[in-house]
1. So which of 228, 268 ends up being within 16 Å of ligand 3 (Cβ to nearest atom) and at pLDDT 95 or above?
2. Looking at 286, 290, which is the one that is farther than 22 Å from residue 344 by Cα and without any contact (Cβ under 8 Å) to a residue 60 or more places away in the chain?
3. Take residue 484 and tell me if it is touching a Lys or Arg at 6+ places or on another chain (Cβ under 7 Å) and buried (at least 21 other Cβ atoms within 10 Å of the Cβ).
4. Please work out which one of (1) open to solvent by 10 Å² or more (accessible area, probe 1.4 Å); (2) under 26 Å from residue 489 (Cβ atoms); (3) at pLDDT 95 or above; (4) not in a strand (DSSP E or B) is the condition residue 585 fails and give its number.
5. Report every pair of residues separated by at least 6 positions or lying on different chains whose Cβ atoms are under 9 Å apart, first residue within region 483-494 and on the phi > 0 side of the Ramachandran plot, second among the aliphatic types (A, V, I, L, M).
6. Of the residues 609, 522, 590, 601, only one is in a strand (DSSP E or B) and either of a type in the set (S, T, N, Q) or more than 16 Å from ligand 2 (Cβ to nearest atom) (or both); which?
7. Taking the residues in region 500-543 that are over 18 Å from the mean Cα position of the chain (by Cα) and of a type in the set (Asp, Glu) as candidates, determine which candidate is farthest from residue 631 (Cα to Cα).
8. When only residues in region 554-579 that are within 16 Å of ligand 1 (Cβ to nearest atom) and part of a strand (DSSP E or B) count, which is surrounded by the most Cβ atoms within 10 Å (Cβ to Cβ)?
Amino acid sequence: MSHDNHISNRSSNRPFEDIMKASLSRRNLLKRSALLSATGFMGAFVGEGLLAKGAAAATSQVTGGVGGTLLAQTSGLLGFSAVAIADAITATPEETNLAEPVISDDYQYQALIPWGTSIQPGGPEYDGNPNTRPTADQQAEQVGIGHDGIWFFGKDGTSNTEGMLCVNHEFGRNSHVLGKDAPETLNDVRLSQHAHGVTVIAIQNTNGTWDRVASPNSRRIHVNTDVEFSGPAANHPLLQNAANNTPQGTVNNCGNGYTPWGTYITCEENFNGYFGSTQGEAFVPDERQDRYGFDFDGFGYGWEQFDQRFDLSNASYANEQNRFGWIVEIDPEDASQKPVKRTALGRFKHEGFAFAIGAGGRIVGYMGDDQRFDYCYKFVSQASWRSMRARGLSPLDFGKLYVAKFNEDGTGEWLELTINNPALQSEFSDQGEVLIYARVAADILGATPMDRPEWTTVAPDGGIFWALTNNSQRTETGPGSPLAPNNDGHILRMDDGNHTGTTFTWAIPFIAEETHADGDETTFSDPDALWADPDGRLFIGTDGGQQKGLNNQLLVADPATGEIRRLFTGVADDEITGVAVTPDRRTLFTNTQHPGNGDPTITNFPASTDGVTIPRDSTIVITRKNGGIVGS
Ligand code: FEO
Ligand code: CA
Ligand code: CA
C-alpha cells in the first residue's frame with residue numbers, strides 16, 4: 001500500500017559510522033568490477049562467502065547488473081517464457097500503463113473473488129457500479145478490499161481443487177470504498193471498517209474454473225469482529241480500557257503466514273493510520289505513540305469522528321490503540337473461532353510471518369516491521385510445537401522474541417526482548433509491557449535499522465529471504481543496507497543455523513537497482529511479497545514504481561543462479577500482493593491490490609474496459625497451460 005511515510009524510529013540506532021564507511025567502500029569495489037563472477041554476483045555485498053550453492057550449475061549469459069553484462073547461471077528451475085517488457089507496456093509513451101494484466105505465454109490467469117463478492121452464493125453482490133456502494137451490512141458478508149496476504153487450505157490438507165482461501169484486506173481508500181473522501185455518518189465508517197480485515201471463503205475448481213462455493217466455514221473477520229488476546233500481555237492493563245469494551249477487530253491486514261498445525265496468520269501493519277483525534281492538532285502524541293506513528297489526523301479515514309474507539313483523545317478508550325499491531329491467528333475450518341492476537345510475537349507494524357521448524361521441533365517465526373529504519377524480528381517457541389499442542393498450549397504463546405542486529409562482516413546477532421535484561425528494566429515494568437512496546441525495547445537493545453522489512457520466506461535449504469522494499473531517506477549505507485538512498489530495494493538472505501540460536505549470517509543476492517540497465521529484461525523495483533517454493537524458486541511480488549513503464553509484477557527467481565523471469569504484470573496503479581498455492585503447486589493465487597487506485601478512468605478490472613465501472617481488488621489465479629508446477 002502507500003505506506004506510512006513517517007520515520008517513527010528516532011532512536012540513535014543508526015548503523016555505525018565506521019561500519020558504514022567500510023560497507024560503502026566494499027560496495028564501490030564491487031561496482032567497479034566490470035564482470036562479476038557468478039558467485040561474485042550472488043555474493044555481491046555478501047558479508048562473507050555464502051551462496052556458493054549454484055557454483056556447479058551451467059553458466060550462461062544474462063544481461064544486467066552494474067557495469068554491464070553479468071555472468072549468471074541457469075539451473076533449469078525456470079522453464080517458462082518470460083513476459084517481455086515490450087509485451088507488458090503500451091506502445092504509446094504517454095500512456096505507458098496497461099489497464100489489463102499480462103501473463104507469460106505458457107500461463108493463464110483467472111480473476112477470483114473481487115471486492116464485493118458475497119462470501120456465500122446467493123448473497124448480495126457489489127459489481128463495481130459507480131452509482132452505488134455496498135451497505136455496511138452487505139459489506140460484512142462480502143469479500144473486502146485491499147487484497148494482500150493469502151493462503152489456501154486444501155480440504156483435508158490435500159485437496160488441490162477445493163478448500164478454504166484466506167485473504168487479507170489491507171486497506172481501501174474512502175474514495176474507493178465510500179465514493180467520497182470522508183465518512184459522513186457512523187454507517188459510512190462501518191462500511192469502511194467492514195471492507196478491512198480478512199475473508200475466509202470456500203472455493204472450488206470445477207473443470208478448470210475456480211469459484212466460491214457455499215460453506216459454513218466461510219466468514220468475514222473485520223474491524224468489529226470479536227477477538228481475544230493470548231500470551232504474556234493478554235491481561236495487561238495497557239490492553240484494557242476504562243470503557244471496558246470487548247476486544248474487537250483486526251485492521252490493515254498486510255502480509256500473512258500459516259502454521260504447521262493448519263491455521264492462518266494475518267499481520268496488522270499500518271494500524272496507526274486508522275486512529276485520529278477529535279481534538280485535531282491539539283492532540284500531541286506522547287513518545288511511545290510517536291514511535292508507532294500515531295497522530296491527530298491518521299491516514300484520513302475519519303473513523304474517530306464517529307467511532308469513539310478510534311479517537312485518540314477519548315480517555316475511555318485510551319488503550320484501544322494498543323490492541324492493534326499484532327499477529328493474529330485464525331482457524332480457517334471453524335467459523336465460530338475467535339481470532340487470537342498472539343502477544344508473545346510483539347507489537348509492531350507486522351508485515352508477514354514465515355515459519356521454520358527449528359532445533360527440537362520448535363516453531364520459529366521470521367517477521368518484518370515495515371517502516372523506514374525499522375527492524376527484523378524472530379520468535380522461537382519454548383518447546384516442540386507438537387509437544388506444546390499435545391499439552392493444550394499454543395506454541396505462539398510461550399517463547400522468546402528477538403530482534404536482529406546486523407554486523408558489517410556478514411554476521412549478525414539476535415537480541416532477546418526480555419524484561420530479564422537490565423537494559424529494559426528502567427523503561428518497562430514487565431514482559432507484557434516490553435511486548436506491547438516492542439519497537440521501544442528493540443531501540444534500547446540496539447537493533448539494526450533496515451530499509452523497510454516487508455515479506456519473509458524460508459527456502460527449502462533453510463535460508464530466510466527478507467524483502468527490503470526501499471528507503472529513499474537512507475543517507476548512509478550500513479550492514480544489511482547496501483545503498484543510500486535505496487530507492488528500489490533489495491532482497492537479503494539470512495542463514496540462521498538451526499533457527500533457534502542467537503547468531504546468523506547474511507548476504508544480499510538481489511539489488512533491484514542493478515536490474516535497471518538498458519537492455520535488462522529482468523528489471524524490477526520495490527520487492528514486497530516473497531515466497532520460496534519447495535524447489536527453491538523465489539516468487540517476488542512488487543509494490544512501487546517499476547521502470548520502463550511496467551506495471552507491478554510477479555517475478556520468479558532462482559536465488560542459486562541469480563536468474564529472474566517475469567511471470568505476470570498487473571494493471572495500472574495496482575500492487576501485486578501475496579502468493580499462495582494448492583498443495584500440488586499447479587495453482588497459484590496472488591492479488592491485484594488497488595487496481596487503478598480505484599479510478600475507473602484508469603482501469604475497470606476485473607470488468608472489461610468501459611471507463612466507468614469501479615475497479616475492484618481481486619485474487620488472480622495462475623495456472624500453467626500444460627498443467628505443470630507454477631514457476632516451472
Ligand atoms: Fe502492507 Fe509493508 O506492506
Ligand atoms: Ca507489503
Ligand atoms: Ca510495500
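1. On the way: 228 fails: within 16 Å of ligand 3 (Cβ to nearest atom).
After ruling out the rest, the residue left standing is 268.
2. Values: 290 fails: without any contact (Cβ under 8 Å) to a residue 60 or more places away in the chain.
286 is the lone residue from the list that is farther than 22 Å from residue 344 by Cα and without any contact (Cβ under 8 Å) to a residue 60 or more places away in the chain.
3. Working: touching a Lys or Arg at 6+ places or on another chain (Cβ under 7 Å): yes; buried (at least 21 other Cβ atoms within 10 Å of the Cβ): no.
Considered against the rule, which asks whether it is touching a Lys or Arg at 6+ places or on another chain (Cβ under 7 Å) and buried (at least 21 other Cβ atoms within 10 Å of the Cβ), residue 484 comes out as no.
4. The single condition residue 585 does not satisfy is (2).
5. Hits for this filter: 489/467; 489/468; 489/483; 489/511; 489/512.
6. Working: 609 fails: in a strand (DSSP E or B); 522 fails: in a strand (DSSP E or B); 601 fails: in a strand (DSSP E or B).
So the residue among 609, 522, 590, 601 that is in a strand (DSSP E or B) and either of a type in the set (S, T, N, Q) or more than 16 Å from ligand 2 (Cβ to nearest atom) (or both) is 590.
7. Looking at the filtered set, the residue picked out is 518.
8. 577
The values are calculated or read from the model by the stated rules, or taken from the named source; none is laboratory data. On a predicted model such as this, the values are computed, not experimentally measured, just so you know. Please note: Cβ atoms are built from the backbone with ideal geometry, for glycine as well, and neighbour counts cover all protein chains shown. We work out accessible area using only protein heavy atoms, side chains counted, and drop any ligands, DNA or RNA first. Shrake-Rupley method; radii C 1.70, N 1.55, O 1.52, S 1.80 Å.
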